[in-house]
Each structure stands twice: as structure tokens, then as C-alpha cells.
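The values are calculated or read from the model by the stated rules, or taken from the named source; none is laboratory data. All values reported here derive from a predicted model rather than from experimental measurement. Cβ atoms come from the backbone with ideal geometry, glycine included; neighbour counts cover every protein chain shown. Only protein heavy atoms, including side chains, enter the accessible area calculation; ligands, DNA and RNA are left aside. Shrake-Rupley method; radii C 1.70, N 1.55, O 1.52, S 1.80 Å.
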Amino acid sequence: MTNEILESLKLGASYTIGSHILPGQAISNISKTVDRKIKLNITTCDKIIEGVKKGEFDLGLIETPIFDNELVYKEWMEDELVICSKIPLPDSLGEKEINNCRLICRREESLTRGVINSFFEKLGLSYQSFKSLSEIDNPTAAIQSVKWAKPNRNNPTVAIVSQLAIEEELKRYELYQSRINNHPLIRKFYLIYHKQHGDGTYVDDIVKCLQNWR
């Protein structure tokens, strides 16, 4: 049991990062960098923060930080939240276009939804600006819901998701992206660890590894 713990890096990642960004080359690079096996747990940002504090995770990868004095936060990537759709829409959506969209959104208590809410407020908008709402538990489900939606130019189905999470779909023209009033919604990804438990040396190595990979 002890050997297994020593050989493994316990990593907690948010749904966007763990499901769409780490799989493949990134997770392999982290394993090589620290010369350890990776135990990856995909969950919500608030649970990752609590898990790092309790020692359940050696490191956490999150996109919506709740800053805590017990933890160290390292910025490692910038991401943009975009409106994704199955059919091409205007690059910039004004109020008229938004009113016609059927929005698939994250659950109300989601930290990402909180970020989007703040963005909407600055533009004088809200989730109610869209034609209809449905709530989805994670970004993968939201993306799949858009991909499987019936094309409807009058009332297109859309979701607000990470641009990085749909990179491949954008390249293959399976999905399309738009912004609201030409305003980019930028957020940062963070690597977090406990001040008392974390090894700053390998954390810095992982940050460099992830930055170089992108």
C-alpha cells in the first residue's frame, strides 16, 4: 500500500480539464515529468480544492478558483468560453440572435455558471435572455447535446463551453463558435497544491510541462 502511494501522483481535475485537455499527450507528459503513475479523479472545482486541502489529491487542476490561504495557485493556461453551435452562426451574437437561441447551461450551483453570470451582468444580459433553458451536469454532456441537436436556424441549440474543449470539432467543422457582442470571455486555468504538502520543485516542472505542451 505504501509503495503504491509513493509511486502515484494523485491528480484532481475539473470536468473540462480532465475530460478534454489532459487525455492523451498531456497526461503522458506529466507522468514522464514526475516519473510516477498518475491517478486521475475528475470532479468539480470545489471538491478538488477540498481534496487538496485534505490530502486526497497531491495536485489539482481547476478553471474556477476559490482562493484559500492554505493552498498555492499556479497559473498555467488561458482559456476562452465561447458559444458553440452545430450550425454556423454570426461570429458575434447581438441581443436579437441571443433571444432566438436555445441555451443548454450548467447547473445553477456550478462555479462556471457563476463566471458566466458575472460576464452576462456586465453586458446587461442574463440566462433569461435566451429563448429556453435546460441544465446539464458537466461540459461533456453540454457539448454532446449540441452535437446531437437537430439543426434549427430559427432557434439554434447552443452551449457556452471551453474553446479548448471543442478544438477538434471546430477544426472538423462539426461545431462552430461565436462570441457575445464581440466580447471574449477569458478565464485562467490553475494548478493548485497544499503549502505544507506540495513539492514546489515538481509542481514547477509540471507547470512548465503543460505550458510547453500547449
Share of carbon and sulfur in the accessible heavy-atom surface of the range 30-114 [1.4 Å probe, %]
43 percent
Using the Cα centre of the range 73-188 as the reference point, and only Cβ charges (+1 on K/R, -1 on D/E), how large is the resulting charge dipole? Debye, rounded to the nearest 20.
320 debye
Suppose every Lys and Arg Cβ carries +1 and every Asp and Glu Cβ carries -1, with no other charges. What dipole size does the range 95-149 come out with about its Cα centre, to the nearest 20 debye?
160 debye
Which of the helices in the chain, when you take each full DSSP H run, stretch at least 15 Å along the axis at their Cα atoms and have an average Kyte-Doolittle score of 0.0 or higher?
111-122
So, with points 7 Å from each Cα along the Cβ direction, the Lys54-Glu70 label distance in nm works out to 1.0 nm
For every other residue with a beta carbon closer than 9 angstrom to the beta carbon of Thr157, add +1 if it is Lys or Arg and -1 if Asp or Glu, then tell me the sum.
+3
At 7 Å along Cα-to-Cβ for each site, give me the label-to-label distance between Leu133 and Glu95 in nm.
1.9 nm
By its C-alpha gyration tensor, with a ≥ b ≥ c as the square roots of the eigenvalues, how is the range 3-71 shaped: rounded for a/c under 1.5, else prolate for a/b larger than b/c, else oblate?
oblate
Lys/Arg +1, Asp/Glu -1 at C-beta; the chain dipole; positive extreme among Val207, Ile83, Gly55:
Ile83
Anchor Lys86: lysines whose Cα lies under 22 Å away (excluding residues fewer than 8 positions away in-chain):
Lys96, Lys131, Lys147, Lys150, Lys171
Only one of the listed values, (i) 7, 29, 27, 20, 13, 4, 0; (ii) 8, 31, 36, 17, 5, 2, 0, 0; (iii) 8, 33, 31, 18, 8, 1, 0, was derived from the coordinates as P(r) over Cα pairs in 10 Å bins from 0, in percent; which label is it?
(iii)
If you place +1 on the Cβ of every Lys and Arg and -1 on the Cβ of every Asp and Glu, how big does the dipole about the Cα centre of the chain come out, in debye to the nearest 20?
620 debye
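Pairs of alpha-carbon atoms within less than 8 angstrom and 6+ residues apart define the contacts here; what relative contact order does the chain have, in percent?
33 percent
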